[in-house]
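Report on the following structure.
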Amino acid sequence: MKKTAFVLLALLCCAEPRAEELTLAIQPQPSVAPEQLAAMTAPLAAKISAAVKSSIRPLLSKNSAEYETELLRGGIAIGYQSPLLYVKAADRHEVLLTASEGKNGGQIRGIVISRPESGISKAADLKGKRIMIVSKVSAGGYLSQKQTLKEAGLDVERDCQLAEAAENREENVILAVSLGDADAGFIPASALHKADEFISPGAVADVLQTAPLPNWALSVSRSLPQELKDGIQTALAQLPENDPALAALGISGFKAAQDADYNPVRSLAE
């Protein structure tokens, strides 16, 4: 009996420790259905799990507010979220990577659109105007413009009439401007031609370019071992452009980043 007990103890001592399970979540967007969010999360979880040999459990949130609550309370070990939401959790999470979209690299640039005959060509022209934005957490559809116009002396929340687009879709911003339902619109530069099939050629024009901001961030809990953080960053930064995990997210790659890259957004979150 003593011999058997000794053998069992030896086996337990020599067995490999069970890998810690880590949660991975993606910030939901109004235009993304729950099943689509699940399809975006699973390939990324599998890719990270294989790279760092840890169990990664996808965690799905019903909406952005639920995601934010879970992120701030420490329930998400690995998160993928908008710049504004990331900086709110920067004391608990550190950014490892920024999403890349082709030639834009790891940044998003916003633009202001209007009808060519509107007379809008500078920040001051937007005072008192009706402006359609994508959403207040959109880097290229609000934050980029807000930052640039703030530096030009225009507080868009105080000085303009803001409205969020239906379903937070960029196409709906363009349509609203083309129809005259809004005097101007805030959209990412990459979305300028998203509604071309629905509007007349030249119905809207890019009248102002605004500050580039970091794209969505992949961040991890600051309490994770550095070796694990390095493994995640290296593995995702090396993914080829056609990798299924990147395709599921709608991006071309990940670029190594640092918390300091998000400083322009920090003042917008305060």
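The values are calculated or read from the model by the stated rules, or taken from the named source; none is laboratory data. Keep in mind the model is a prediction, meaning the values are calculated, not measured. Cβ: placed from backbone, ideal geometry, glycine included. Neighbour counts: every protein chain shown. Just so you know, the surface numbers come from the protein's heavy atoms only, side chains and all, with ligands and any DNA or RNA stripped out. Shrake-Rupley method; radii C 1.70, N 1.55, O 1.52, S 1.80 Å.
A single entry from 256, 260 fulfils the requirement of being of a type in the set (A, V, I, L, M, F, W, C), open to solvent by 50 Å² or more (accessible area, probe 1.4 Å) and without any contact (Cβ under 8 Å) to a residue 24 or more places away in the chain: 260.
Residue count for region 231-246, restricted to those that are free of Cβ contacts under 8 Å to residues at least 12 places away in the same chain and open to solvent by less than 20 Å² (accessible area, probe 1.4 Å): 1.
Cβ-Cβ distances below 7 Å connect the following pairs, each with a first residue in region 32-52 that is surrounded by 15 or more Cβ atoms within 10 Å (Cβ to Cβ), a second residue that is part of a loop (DSSP other than H, G, I, E, B) and not hydrophobic (A, V, I, L, M, F, W, C), and a separation of six or more residues or different chains: 37/28.
Residue pairs, Cβ under 8 Å, 6 or more apart or interchain, first in region 95-108 and closer than 13 Å to residue 140 by Cα, second open to solvent by 30 Å² or more (accessible area, probe 1.4 Å) and modelled with pLDDT under 80. List them. That search, which allows pairs on different chains as well, returns 108/101. Here residue 79 clears all of (1) more than 17 Å from the chain's Cα centre (by Cα); (2) small (Gly, Ala, Ser); (3) at pLDDT 95 or above except the condition numbered (1).
Residue 142 meets each of the listed conditions (1) among the hydroxyl-bearing types (Ser, Thr, Tyr); (2) in contact with a helix residue (DSSP H, G or I) (Cβ under 8 Å, 6 or more places away or on another chain); (3) touching a residue at least 40 places away in the same chain (Cβ under 8 Å) apart from (2).
Criterion first (of a type in the set (Ser, Thr, Tyr), exposed (fewer than 13 other Cβ atoms within 10 Å of the Cβ) and in a helix (DSSP H, G or I)) does residue 267 satisfy it? In short, yes.
So if I check each of 197, 170, which one is touching a strand residue (DSSP E or B) at 6+ places or on another chain (Cβ under 9 Å) and of a type in the set (Asp, Glu)? Among 197, 170, only 170 is touching a strand residue (DSSP E or B) at 6+ places or on another chain (Cβ under 9 Å) and of a type in the set (Asp, Glu).
Among the residues making up region 145-169, those that are open to solvent by less than 40 Å² (accessible area, probe 1.4 Å), part of a helix (DSSP H, G or I) and without any contact (Cβ under 8 Å) to a residue 40 or more places away in the chain are 156, 159. Report, by residue number, each residue of region 150-161 that is at pLDDT 95 or above and among the aliphatic types (A, V, I, L, M). Of everything in region 150-161, those that are at pLDDT 95 or above and among the aliphatic types (A, V, I, L, M) turn out to be 154, 156.
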